[in-house]
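A short write-up of the structure that comes next.
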Protein chains: 2
Amino acid sequence: MRQAGRYMSDYRALRQRYSLLDICAQPELAVAVTLQPVDVIDVDAAILFSDLLLPFTPMGLAFDFVKGEGPSVEHPIRHAADVERVRVIDPREGLGHVLETIHLLRGELAGRVPLVGFGGAPFTMAAYAIEGGPSSNYARTKAFMYAQPAAWHTLCDRFATVMADYLVAQVAAGAQAIQVFDSWVGQLSRGDYREYALPHTRRIFEALGSTGVPTIHFGVNTAAILKEMAAAGGDVIGVDWRLPLDEAWNLIGNSAIQGNLDPTRLLGPEHGLFAAADDVLVRAAGRPGHIFNLGHGILPDTSLEKVQALARHVHTVSARSHGSRG
Amino acid sequence: MRQAGRYMSDYRALRQRYSLLDICAQPELAVAVTLQPVDVIDVDAAILFSDLLLPFTPMGLAFDFVKGEGPSVEHPIRHAADVERVRVIDPREGLGHVLETIHLLRGELAGRVPLVGFGGAPFTMAAYAIEGGPSSNYARTKAFMYAQPAAWHTLCDRFATVMADYLVAQVAAGAQAIQVFDSWVGQLSRGDYREYALPHTRRIFEALGSTGVPTIHFGVNTAAILKEMAAAGGDVIGVDWRLPLDEAWNLIGNSAIQGNLDPTRLLGPEHGLFAAADDVLVRAAGRPGHIFNLGHGILPDTSLEKVQALARHVHTVSARSHGSRG
């Protein structure tokens, strides 16, 4: 999950002068924003400040952020023929600024914490391209996928090619772990996940396998497809808060797990926040391979102090149970 | 799920002249709209045309529908003190027009198909009251629930009292089955469901138990809490399309099941629609107690012909496997 955001005053100050896309496009700014949470929250990793949709622009899908509404694609994919507009690009050219940000960040971090790069899974990229932005039911995406399966697979194939190449390039530029976000895949039935999403996601993890860095595979609303997501790939499966952590872990077998505190807990009182975090830690205890995290992104109204207190609490409890800060 | 809607030209024609709330408020109109799908789709039950939020107005929470955005509550519940504004009412007075609609409908239907009444579960009613409308993350609702648990339980208690009374009154007026919608409950972790939602929902099903009519308990995104929803009550548990039907059924034990075709299948070609419906029927075979339904409401862009074809297909396949139309 993006660590820097509107809940941080430093970030809000910068956003007075620059748009989200400005920050992503200028490596010095993206570096500064990536480092903000590392400096003030004592997190165990730095998450590259970037956006899932950055590949859209060089691929021929112009988009922008509309205030209060999120990303908006200028000419969404609506017909099979529109897929031809989607270009397979070389991310070293079209997305060189992101790779430059990663390169600079490794120098700035100087080994303090590892740097995590990320990108979108083909289903989620295709869903954004078809809907033109977020949606409550992804009806256009599914209608396209059911009615135009060949065009759907061509579209996902292009995203898989570009994303695999882009994420491998992120590792080459210095990313020490990669998280693949399949943000909207929880809208699919299990059968549809297997048919329309899994094969394309698998290609990305297969490509990342050659890099040797750990990979994380994340989605929300995925209780019904966790086993299938683990089969698609990822050393670590990221889960939301809906299933208790131990039960989710049983579904994904030998993969490690990341999660799964409900981020809205950060909007409530500290005793409830800590109790909910403890529940996650207890359910993860006695089995190696848990990365404590929220089950989704930090909400804009969250107080920074609460996030800091949570990080301290998790470190203290983990140190107590592992005998060292784990 | 509401059967009548924008996918029907008769309904669209009526909506040129009347708002959704006008139709709900005038029994003759609500009767006419309830009968539209019964007349043209050959469904096995009539679903009362009404709206989940109708109790809000007499309870002191004025609301309206904003074009393209859904319901909007004028003064949402934001502080513990706001809960005092929420009045426990006698639905026989404040919601008499709905009971009159039910009474008239039974006469019009004359036994053709059973009439299903419905209402919202306390969590979903409280979430609407706090958010003021739909939300993507229900952050205000959860923050309220975590920070003001006493006020939260008072609010849900009032909704449970009114809804139990209202639904029992629907049965007295002639409803032959009752569906309780907990539309947004899939946002909760299992622990939160047990603590903040389940006890209030249970009160409604306990009250309905004395009526003797079959009850249906429905939510979406509920793969992680199906067992708990079944424990809260309902002769039949309604499920969305995410989990395969047989697997969802194994989770709810002895309850019957309703579902679970993805409604976006109706936007795709007929062969895929029928194949997906067949998959639901095959997974339900060999065990009594399945009500075929969509996993959520019909989308506005759906073609009526496709819905008619689906109903015919399901009747044909069911008749073949049961030896009679079941």
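Points worth noting:
- Computed over chain A, the per-residue total of -39500 (n - 2.57) for DSSP H runs of n ≥ 4 gives a 222 nm mean residue ellipticity of -14500 deg cm²/dmol, rounded to 500.
- Per residue of A:145-155, other chain Cβ atoms within 10 Å of the residue Cβ number 2 on average.
- Acute angle (nearest 10 degrees) that the helix B:96-109 long axis makes with the longest principal axis of chain B, alpha-carbon atoms: 10
- Label-to-label distance for B:GLU28 and B:SER72 is 3.1 nm, based on points extended 7 Å past Cα in the beta-carbon direction.
- A cut-off under 15 angstrom between Cβ atoms defines the neighbours of B:THR302, and their net charge, with Lys, Arg +1 and Asp, Glu -1, is +2.
- Computed over neighbours whose Cβ is under 14 Å from that of A:ALA276, the net charge equals 0, Lys and Arg +1, Asp and Glu -1.
- Relative to the dominant Cα principal axis of chain A, helix A:27-41 is inclined by about 30°.
- Between B:VAL88 and A:GLU206, the simple spin-label model (points 7 angstrom out along Cα→Cβ) gives 6.3 nm.
- Dimensionless Rg over Rh [the range B:249-326; C-alpha; Kirkwood]: 0.97
- Per-selection Kirkwood Rh - the protein assembly as shown (Cα, Å, 1 d.p.): 26.1
- Cα-Cα separations in the range B:93-178 greater than 22 Å, expressed as whole percent: 41
- For the range B:1-80 versus the range A:146-222, the inter-centroid distance based on Cα atoms is 41 Å.
- B:ALA13-B:ASP42 FRET efficiency (beta carbon distance; Förster radius 22 Å; 0.05 resolution): 0.55
- For chain A, the alpha carbon convex hull comes to 122 Å³ per residue, rounded to a whole number.
- The orientation-averaged projected area of the convex hull spanned by the Cα atoms of the range B:1-115 comes to 8.0 nm².
- Over the range B:119-240, relative contact order from alpha-carbon pairs under 8 Å, at least 6 apart, %: 29
- Spatially close Lys pairs in the protein assembly as shown, defined by Cα atoms under 27 Å apart and a spacing of eight or more places or different chains, total 12.
- Over the Cα atoms of the range A:177-326, the radius of gyration divided by the Kirkwood radius equals 0.98; this is the Rg/Rh ratio.
- When only alpha carbons are used to place a centre, the range A:102-139 and the range A:258-326 end up 23 Å from one another.
Read-outs: derived from the displayed coordinates by stated rules, not from any lab. These numbers were taken from a predicted model, which means no experiment stands behind them. Every residue, glycine among them, receives a Cβ derived from its backbone with ideal geometry; neighbour counts consider all protein chains shown.
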